[in-house]
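Down below is the structure, laid out as structure tokens.
The values are calculated or read from the model by the stated rules, or taken from the named source; none is laboratory data. Being a predicted model, the structure only gives us computed values, none of them experimental. Here the Cβ positions follow ideal geometry from the backbone for every residue, glycine too, while neighbour counts run over all protein chains shown. For the accessible areas, the whole protein counts, side chains as well, though only heavy atoms, and no ligand, DNA or RNA atoms are used. Shrake-Rupley method; radii C 1.70, N 1.55, O 1.52, S 1.80 Å.
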Amino acid sequence: MPEPQQNPHFDDPGHSAVAATGAGGAANLAMAEGETLEKAPGPDGPGPAARPRSLWSDAWRDLRRNPVFIVSALVILFLVVISLWPSLIASGNPQSCDLAKAQEGSRPGHPFGFNGQGCDVYTRTVYGARASVTVGVCATLGVALFGSVLGGLAGFFGGAWDAVLSRLTDVFFGIPVVLGGLVLLSVITSSTVWPVVGFMVLLGWPQISRIARGSVITAKQNDYVQAARALGASSSRMLLRHIAPNAVAPVIVVATIALGTYISLEATLSFLGVGLKPPTVSWGIDISSASPYIRNAPHMLLWPAGALAITVLAFIMLGDAVRDALDPKLR
């Protein structure tokens, strides 16, 4: 008898397993397609088709496309540069004055004119940025660090520590800022920026503290924190590695907006005579000395006040842009 012909497909054991059932073939086909999709090149080259994105990467992408952020960041960068190196755009001495030129208008080499003592208004406006930016940046860093530590610890541990801190912040919230500055700074004769910075930190930390406390309380209820606690993570590790990176965004937003407020507060206190004092060059001091001559020589008041307004507006615009980028509700 002739031998039966064998089907060539049955010579391959792997193919026989696929041909044995339609479900098995469909399963193997799905696995092959899955491997192909997994190895497909993504937008940045070979590898996964999409990379995981974080809040910070999304925020940076949105900020780069926001014209408000770009304009405000350029203005702030310019202010920082002239604060560090004012001689780049002003070659004169802000303390050099000539009474014969008092209240004179602009002339070649002196585009902003002269003030009541005959000092160059342009040079003093440029050098005044150093004191204002220094006070704003140092006060913001001090408030953010001090308030974040106190508020974060109170929100994480709770209990008596939280109750004491809450009552303490209520006391500081009841102190008027300008009145407190008049009382505390009037007895200080130092002409440096540090008494003003210390006063702002003393009265500014409660706002940041409450925001940090609420953010930490919200973050510690998330599942990843509970998982870390179940795995035996220490309190310091949970606070520094898991809670702080996810609770710092509201603090950054409020601190960025508050920076412009502190610059304005420094000018207000200097205008009242209790903030920065001569020979320190400050926009608030120049505005105060120019206010009696606003009718006869308005240029003395216009330029330092305009520089102050632009600086405060730039920091507020930057804070608004950062807030919109870090707010997940706007996505």
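Of note:
- Of the residues making up the range 262-274, those that are open to solvent by 30 Å² or more (accessible area, probe 1.4 Å) and not aromatic (Phe, Trp, Tyr) are Ser264, Thr268, Leu272, Gly273.
- Near pairs, Cβ below 8 angstrom, 6+ apart or cross-chain, from the range 271-293 (under 13 Å from Pro94 (Cα atoms)) to any residue that is among the acidic types (Asp, Glu): Ser282/Glu266
- Of the residues in the range 290-298, not one is open to solvent by less than 50 Å² (accessible area, probe 1.4 Å) and either under 24 Å from Gly204 (Cα atoms) or not small (Gly, Ala, Ser) (or both).
- Taken over the range 294-323, residues that are free of Cβ contacts under 8 Å to residues at least 12 places away in the same chain, among the hydrophobic types (A, V, I, L, M, F, W, C) and part of a helix (DSSP H, G or I) amount to 2.
- In a residue-by-residue description of the range 170-179, the property of being in a helix (DSSP H, G or I) and either closer than 25 Å to Leu326 by Cα or open to solvent by less than 20 Å² (accessible area, probe 1.4 Å) (or both) applies to no position.
- Summed over the range 180-193, the residues that are touching a residue at least 12 places away in the same chain (Cβ under 8 Å), assigned to a helix (DSSP H, G or I) and open to solvent by 30 Å² or more (accessible area, probe 1.4 Å) give a count of 2.
- Condition check for Leu145 on (1) open to solvent by 60 Å² or more (accessible area, probe 1.4 Å); (2) more than 30 Å from Leu88 (Cβ to Cβ); (3) touching a helix residue (DSSP H, G or I) at 6+ places or on another chain (Cβ under 6 Å): one failure, at (3).
- Selection count where residues are closer than 20 Å to Ala309 by Cα and open to solvent by 30 Å² or more (accessible area, probe 1.4 Å), scope the range 90-131: 5
- All conditions in (1) touching a Leu at 6+ places or on another chain (Cβ under 9 Å); (2) of a type in the set (S, T, N, Q); (3) farther than 24 Å from Tyr262 by Cβ hold for Ser209, with the sole exception of (3).
- Extreme residue, nearest to Ser215 (Cα to Cα), among residues of the range 233-244 that are out of contact with any helix residue (DSSP H, G or I) (no Cβ under 9 Å at 6 or more places or on another chain) and either open to solvent by 60 Å² or more (accessible area, probe 1.4 Å) or modelled with pLDDT of 85 or more (or both): Leu240
- Residues of the range 169-179 classified as touching a residue at least 12 places away in the same chain (Cβ under 8 Å) and either touching a Gly at 6+ places or on another chain (Cβ under 8 Å) or hydrophobic (A, V, I, L, M, F, W, C) (or both), total: 5
- Per-region count, the range 220-248, residues over 15 Å from Ser148 (Cβ atoms) and either without any contact (Cβ under 8 Å) to a residue 40 or more places away in the chain or aliphatic (A, V, I, L, M) (or both): 19
- The set of residues in the range 275-285 that are at pLDDT 90 or above and open to solvent by 10 Å² or more (accessible area, probe 1.4 Å) comprises Val281, Ile285.
- Ile252 vs. criteria surrounded by 23 or more Cβ atoms within 10 Å (Cβ to Cβ) and over 21 Å from Ala307 (Cα atoms): no
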